[in-house]
Amino acid sequence: MITCQTAAELQQHLSEASTPIAFVPTMGALHAGHMALIDAAGANGKTVVASIFVNPTQFNESTDLAAYPRTPTEDARLLKHHGCDFLYLPAVEDVYPNGAAESATSELNFGSLTARMEGANRPGHFAGVAQVVSRLLAIVSPQLLVMGQKDYQQVAVIRSMLQQLAIPTELVVVPTIREADGLAMSSRNRRLGPEDRLAAGEINRQLAAAAAGIAAGWGPRQLEGLALDAMAANPRLRPEYVEVCDGDTLLPFIPGTAAREIIVAAAVWCGPVRLIDNKVVPTCNL
Ligand code: AMP
C-alpha cells in the first residue's frame, strides 16, 4: 500500500494505476464496517483507494470534532491487510487549497433529503459532507464510490449530488456491519464506557422491533413512539429521533402510499456519544 499525503502525489500514482478505481472515503478510526467497504471495493481486482480525512466542515460541534478518535497506525495496518492499494492521508490545506469557504456544491438543492433527521439535527452537516466528497472525487476520479448503508441519509445526499453535478461515478452501497449484540459498528463506539456500551445495544433492538412492526402493518407514528419510549426508559440513552420514512424522499412514511423501501432511522445519545443507525424494510413483501 502506498500512502500519499498530497493530491498531487496521489494523482501521479493513479495516472499509472489500472482501472477501474474504487474509492472509499473515511474519517479513520477504522473497524470491520470500513473493511467491508474496502473488501467490496477490491472485488474483481479493482484498484482500491481509501482516504482518511476528518473533515472539519461537516462537524457542527467543535467538541465532537476534537473528540473524534484518531488511530492512524492501526488504520494503515488494517487497510494494508485488506488489500488497499493507495491511502490518501491529507492535511486540511491539501483538500481545501483555496480555503474551506469555497465549495462546488454550495448551490445544490437536496430538497426533502436533508429536511429531517441528520439534516434537521446537525445544521450544515450535509453541506460539509457534499463539499468534501465532491473535492475527494475531483482528486481521485474513481469509477466507483463505495459507501455504507449505516449512513443512509448520507448515501441519499451523495447520490443526489452525483446526479446534480452529472458526475459519472457509480455509487456502491454496502450493508451495515454490526457487533455481536447488533450495535452498528462506528468509530464513535470507542468512546463508550462499559455501561454505555451495554445500553447502546438497545438501539438496534428497538429499530429491529419497529422494522418488524412496519412489516406487520402497524402504524409508523405508533412504532416511532414505542421505540422512543423504550429507549428513553434506559437512563443511559437519550433518543434524539426515531423516524419511519420513505427511503427515496426521506419524508415520514404515510401508510397506504407507494414506497420502494421504508427506513427506520434513529439518532440516540448514549452517555457523551451520539450514535445513528437504521433498518431498511423492503416493501415488496408488504
Ligand atoms: P466514517 O469513517 O464514519 O465517515 O465512515 C466511512 C464510511 O464507512 C461511510 O461510507 C460509512 O457509511 C461507512 N461505515 C461506517 N460504519 C459502518 C458499518 N458499521 N458498516 C458498514 N459501513 C460503515
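Descriptive notes on the structure:
- Rg and Dmax, both from the Cα atoms of region 21-158 and both in Å, are 14.8, 41.
- Amide H contacts for residue 269 (H built 1.01 Å from N in the peptide plane; partners 5 or more residues away or on another chain; cut-off under 5 Å): 238, 240, 275.
- Tensor-based shape of region 127-286 (alpha-carbon gyration tensor, a/c under 1.5 rounded, otherwise prolate or oblate): oblate
- Between 0 and 90°, nearest 10: helix 220-232 axis offset from the chain longest Cα axis: 80 degrees
- Rounded to the nearest 20 debye, the dipole size of the chain about its Cα centre is 400 debye, using +1 on the Cβ of Lys and Arg and -1 on the Cβ of Asp and Glu.
- Summing +1 for each Lys or Arg and -1 for each Asp or Glu among the other residues whose beta-carbon sits under 14 angstrom from that of residue 59 gives +1.
- Residues in region 143-151 carry Karplus couplings, in order, of 7, 10, 10, 10, 9, x, 5, 3, 9 Hz; the curve used is 6.51 cos²θ - 1.76 cosθ + 1.60 with θ = phi - 60°, and Gly or Pro positions show x.
- Candidate aspartates and glutamates for bridging to residue 80, where Cα separation is under 20 Å - those fewer than 8 sequence places away on the same chain excluded: 9, 16, 39
- Between residue 91 and residue 238, full extension at 0.36 nm per residue minus the direct alpha carbon distance yields a gain of 49.5 nm.
- Residue exposure sequence - 221, 197 - by fewest surrounding Cβ within 10 Å: 221, 197
- The chain - share of DSSP beta bridges that are antiparallel (%, nearest 5): 50 percent
- As a proxy for reagent exposure, ranking 270, 284, 84 by other Cβ atoms within 10 Å from fewest up yields 284, 84, 270.
- Ascending count of other beta-carbon atoms within 10 Å, so fewest first, for 224, 261: 261, 224
- In degrees, nearest ten, helix 125-140 long axis to first principal axis of the chain (Cα): 30 degrees
- Taking all C-alpha pairs of the chain, those more than 36 Å from each other amount to 15 percent.
- In degrees, nearest ten, helix 32-42 long axis to first principal axis of the chain (Cα): 50 degrees
- Database remark: amide H of residue 148 closer than 5 angstrom to the amide H of 174 (H placed geometrically; neighbours at sequence offset of 5 or more, or on other chains; Pro and chain starts carry no H).
- Per residue, the average separation of C-alpha pairs within less than 8 Å and at least 6 apart gives the chain a relative contact order of 17 percent.
- Projecting the Cα atoms of 146, 121, 136 onto the dipole axis of region 108-170, where Lys and Arg carry +1 and Asp and Glu carry -1 at the beta carbon, places 121 farthest toward the positive end.
- At R0 = 35 Å, FRET efficiency that the Cβ-Cβ distance of residue 180 and residue 1 yields, to 0.05: 0.75
Rule-based calculations on the coordinates, nothing more; no lab input. What you see is a predicted model; the values in this text were computed from it and never measured. Positions of Cβ are generated from backbone atoms using ideal geometry, with glycine treated the same way; all protein chains shown enter the neighbour counts.
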